[in-house]
Amino acid sequence: MSDRASAKSGHKSRHRKHSESNKVLRTITFVLTPFLVFIVVCGVFVLGLFKPYSMAKPYLETVFNPDTVKNKDDYQVSIYHPDNMPLRVKEIEDESTNEKHTIIYPYYGDYYGTLTISSVGIKDTPIYCGTSNDLLAKGIGWSNSSVYIGRVGNVVLAGHRNTYFAMLFQCKQGDIVTVDTDYCTITYIVRETAIFNKNDLKYVNPTFGKEDKLTMYTCWGRNRLGATDQRFAVICDVVERKWKDVKIPE
Amino acid sequence: MKLFKKITAAAASVVIAGSMAISASAATWQEAVQAAKDAGCQDHNVQQLSTFLEANSTYFTAAQYDKMIAKLKEISDKFVKPAANDMGVTDLSTLTEAQKVEIGKKVWSDENRQEIIDALVNLGKEFNVTVTVTKAASNANYAGYDVSATINGAENPVNPPIEQTGTESEPVNTVAVVGASAAILLAGAGIVVVAKKNKEN
């Protein structure tokens, strides 16, 4: 009898312990599961938002980051070279006229000149030497895979489509383009516009003196901002090349 | 008078021969650019070299240009010529851009590419030009490498011929993607474990 009683009480205590652990587990489950589900939902949400975010980012930057659209006339100290670099001035022969002129070679990151296409509202827009992201945020970039402005060959300029080259798409055949630097002013006329793939170097390749032109390009993306595989190019022929008298500082 | 003419002619020939000898060993930046063309470099790379050397032409001596030309020829003979010959091209200056791309991307191994990079970096060191070649951070870079040459403290990054001109030029934040994916996996596993334990009890 006493054995049965003790067995019964043992069973009861085991049952109580078991139900207590069940209670703890159930409590943990109730507390933990919503958190875990919340994390899953958040994770899916974050992953799902990546593409829309990358598409919306350029618009957000345009609206909320005024740095990308201001400082048109800034002459900032370059991060690419010390301030005390010597002026790189050289006498060169203009291959189109065989006349001697003076050219000032800009250092990478330096302000190089201005671009004006009055017909589409681009006026005295700064051109920088190089096409790194930081330079394209400040203006138009001259590609160092092309000839220096003033030299006979293919001069290539690149710009962002949401800022400095936003109006480039409106260029049409016959528009006048002016590039002004410290040593020369060149007037071009738009010959054609083209859309090409980012891996197609046809329009930006050098001509090695065989053709004298200016190529300006920006992203082409079916009415949306952001990185695309297509580029929109405006190809121009030289109308006039005016060299300036360069005064070399002592 | 006849003798004078003979002496003048002899003197002139000596001067011409002398100047030819000098020009044979005293190269210019234009000759270095031509050597890059002849070596089978891609057109935009030739232009990049031309742009760099034109602005810095006085930094290098004629002997250094000679050295550049010799190195370009050496690299070309070792890596470009055999590949071009296999394509049936003997004159490297007649290689098309497509053929050059094929040699660079399909024929050369990673070791070949590294050897060429090392040769150019070491050549730069000899002229006190710090050349850095790193795998391109962005897949938008046509060449696959980011190249920069620092000369007298002035940095000259070589930009790809076609840039990303959309405003979204930053690569996707992989840390965030990995973090979100890991969170989903861990939380999912947690739910499964808790559900299983719950079922057992």
Where residues in segment A:182-206 are within 14 Å of chain B (Cβ to nearest Cβ) and closer than 30 Å to A:Glu93 by Cα, which of them is surrounded by the fewest Cβ atoms within 10 Å (Cβ to Cβ)?
A:Lys202
Among the residues of segment A:148-189, which ones are in a strand (DSSP E or B) and either farther than 30 Å from B:Leu53 by Cβ or among the charged types (D, E, K, R) (or both)?
A:Ile176, A:Asp180, A:Ile189
Filtering segment A:214-231 down to residues that are surrounded by 19 or more Cβ atoms within 10 Å (Cβ to Cβ) and either outside any loop (DSSP other than H, G, I, E, B) or at pLDDT 95 or above (or both) yields A:Leu214, A:Thr215, A:Met216, A:Tyr217, A:Thr218, A:Cys219, A:Trp220, A:Arg231
Residue in segment A:154-166 that is nearest to A:Gly130 (Cα to Cα), counting only those that are modelled with pLDDT under 95 and more than 8 Å from chain B (Cβ to nearest Cβ)
A:Tyr164
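So that you can scan it fast, the table gives a plain yes or no per residue for (1) more than 7 Å from chain A (Cβ to nearest Cβ); (2) in a strand (DSSP E or B); (3) modelled with pLDDT of 90 or more:
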site	(1), (2), (3)
B:Ser138	yes, no, no
B:Val147	yes, yes, no
B:Thr150	yes, yes, yes
B:Ser169	no, no, no
Before we move on, is A:Tyr105 in the same structural domain as A:Gly150 (by TED's automatic domain parsing), at negative phi, modelled with pLDDT under 95 and of a type in the set (Phe, Trp, Tyr)?
no
Can you go through A:Gly153, A:Gly209, A:Gly141, A:Gly159 and tell me which one is at positive phi and surrounded by 16 or more Cβ atoms within 10 Å (Cβ to Cβ)?
A:Gly153
Residue ID - nearest to the other protein chains (Cβ to nearest Cβ), chosen from residues in segment A:28-57 that are under 13 Å from B:Leu186 (Cα atoms) and not aliphatic (A, V, I, L, M):
A:Gly43
Take A:Val239 and decide whether it is surrounded by fewer than 16 Cβ atoms within 10 Å (Cβ to Cβ), more than 14 Å from chain B (Cβ to nearest Cβ) and modelled with pLDDT of 95 or more.
yes
Could you please tell me which pairs satisfy a Cβ distance under 7 Å, a separation of 6+ or placement on different chains, a first residue in segment B:61-88 that is more than 26 Å from B:Asp110 (Cβ to Cβ), and a second residue that is charged (D, E, K, R) and surrounded by 15 or more Cβ atoms within 10 Å (Cβ to Cβ)?
B:Tyr65/B:Glu31; B:Ile69/B:Glu31
Can you find, within segment B:78-105, the residue that is nearest to the chain's Cα centre (by Cα) among those that are surrounded by fewer than 13 Cβ atoms within 10 Å (Cβ to Cβ) and part of a helix (DSSP H, G or I)?
B:Lys105
Residue ID - farthest from A:Trp220 (Cα to Cα), chosen from residues in segment A:129-147 that are of a type in the set (A, V, I, L, M), modelled with pLDDT under 95 and not in a loop (DSSP other than H, G, I, E, B):
A:Leu135
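The values are calculated or read from the model by the stated rules, or taken from the named source; none is laboratory data. Just so it is clear, the model here is predicted, and its values are computed rather than measured. Quick reminder, even Gly has a Cβ in these numbers, built from the backbone with ideal geometry, and neighbours come from all protein chains shown.
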